[in-house]
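Written below as structure tokens is the structure these notes are about.
The values are calculated or read from the model by the stated rules, or taken from the named source; none is laboratory data. Model, not experiment: these values are computed from the prediction. Note that each Cβ is placed from the backbone with ideal geometry, even for glycine, and that neighbours are counted across all protein chains shown. Side chains included, ligands, DNA and RNA excluded: accessible areas come from the protein's heavy atoms. Shrake-Rupley method; radii C 1.70, N 1.55, O 1.52, S 1.80 Å.
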Amino acid sequence: MTSDDVPIGRRVARWRVRRSMTQQMLADRLRRSKSWVDKVERGVRALDRYSVIQELAHVLRVDPEVLLGQQRSTPAGTPEGVDDIRAALARYGTPQASAQTDELRRQVGYAGLSYQHAHYGQLVRVLPGLLDAVQGARSPELLVQTYRITSSLLVKLGEADLAWLAADRAMSAAGDDPILAATAAISVAQALRASNRDRLALTAAQTAANRILPADHEVGGRRGDQTARQPHDQRGEGRGEGAPARRRSAGEWAVGGTLLVQAALAAAGCGERRRADELTERAAGVAAGLRGYDDPHRTSFGPVAVELARVLVAAQRGDAVEALQRHSTVVRREGWRRLPAEYRGAYLVDAATAYLKVGDLRGAARALVDADSAAPAEVRCRPLARTVIADVARAQPAPAGVARLAAVVGLTR
């Protein structure tokens, strides 16, 4: 369903009345029968070809997007302002004094929430000034958080190399703090994967995971398979033989689990299927012991995140049937609805690609429409999403939902 849940046929009827046309008048101008117009307006006949929607819109003197119910609140295309972020990252001079730390912390938190809600256009405008401010504050925590947000946004906008620069700045700002360094490594791995450097991403994520997780969870360790599934309480304290000497918080476990997921995705990108499966299993062991933590590092890690990774790993190795079976199961779980809009939207774009691999155009279309519903900017601002939409829209006829998205992002047929 479109943004205001009004069927397209009812929109046609509304605009026909506004233009003081009868059904017969509209039919004559379209060179179709009155019965055809009546069936369209009642929803008996589907408008599943964009060329027909264009023709209707021309006669009714409206944009096709108006009939399709375009969500105008989210403009299509890459938001302007990436050059301002690049300029902010390129400033090496002595930073000016910034706002009070509490106020700056609030601003960084607001930027993080904006990212999770996929408000990318807003973030592009905010980040240049925020980058200048946090450099003046010289707070490693705020620096790492801001660079991570910047890197993640740049990955979305197709600026992988610039995203890697921001992630590298986060690593430098982390210094000797192991938790900050581990969270920064998540961004490094994401940026490297976005630039098709999966081998480097695998090394970065796996190394960082081994540093933050207990020795018994070490990737490649002899005891990893036996201990990865041992539960740990919400304070992060391991139980049983081999429990870590240092009590770990749930947030630390989540960061370590996220690094394992990133490593698994990178391994799949390298064609290392066995390692990808092993890393995913270890991530599942970490996730199984996490319940109800407040996610201070904004990882969105948990059992559902691991299941989504399994879908993407299966799709990457070419097993689209398994991927889609897992996909249909995981999106019905309660934890799926609790994930941030950005996370769900990004995943659904990847799921659309998996549907394409098995030739299921309707499935791909549903995933894209659901992604647009969850996080419009994921579909309308990302170059990757435009490519997937174009592939689906080439069908004859294109599914109506994708025809609408194609119009929104400027891929008219």
Practice task
Can you confirm whether the range 52-60 contains a residue that is modelled with pLDDT of 90 or more, of a type in the set (D, E, K, R) and part of a helix (DSSP H, G or I)?
Solution key: no
Problem - Residue count for the range 278-300, restricted to those that are charged (D, E, K, R) and under 21 Å from residue 200 (Cβ atoms) - result: 2
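To keep it simple, each residue is scored yes or no on (1) touching a residue at least 24 places away in the same chain (Cβ under 8 Å); (2) within 22 Å of residue 196 (Cα to Cα); (3) open to solvent by 20 Å² or more (accessible area, probe 1.4 Å); (4) of a type outside the set (S, T, N, Q).
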| residue | (1), (2), (3), (4) |
| --- | --- |
| 256 | yes, no, no, yes |
| 260 | yes, yes, no, yes |
| 277 | yes, yes, yes, yes |
| 282 | yes, no, no, yes |
| 285 | yes, no, no, yes |
| 324 | yes, no, yes, yes |
| 327 | yes, no, no, yes |
Handout entry: Cross-chain or 6+ apart pairs with Cβ under 9 Å, the range 111-136 first and of a type in the set (Lys, Arg), then part of a helix (DSSP H, G or I) and at pLDDT 90 or above
Key = 125/84
Problem - Residue among 384, 312 that is open to solvent by 50 Å² or more (accessible area, probe 1.4 Å), in contact (Cβ under 8 Å) with a residue 40 or more places away in the chain and not basic (Lys, Arg) - result: 384
Handout entry: Residues located in the range 132-147, provided they are under 16 Å from residue 177 (Cα atoms) and surrounded by fewer than 21 Cβ atoms within 10 Å (Cβ to Cβ)
Key = 138, 139, 140, 141
Exercise for the section: Scan the range 150-159 and give yes if some residue there is farther than 20 Å from residue 206 by Cα, at pLDDT below 95 and surrounded by fewer than 19 Cβ atoms within 10 Å (Cβ to Cβ), otherwise no. Expected result: yes
Handout entry: Condition met for residue 18 (among the basic types (Lys, Arg) and at pLDDT below 75)
Key = no
Practice task
From the list 344, 337, pick out the single residue that is open to solvent by less than 60 Å² (accessible area, probe 1.4 Å) and under 24 Å from residue 152 (Cα atoms).
Solution key: 344
Problem - the range 140-153 residues that are under 15 Å from residue 113 (Cα atoms), paired with ones that are hydroxyl-bearing (Ser, Thr, Tyr) and open to solvent by 20 Å² or more (accessible area, probe 1.4 Å) (beta carbon under 6 Å, 6 or more apart) - result: 149/115
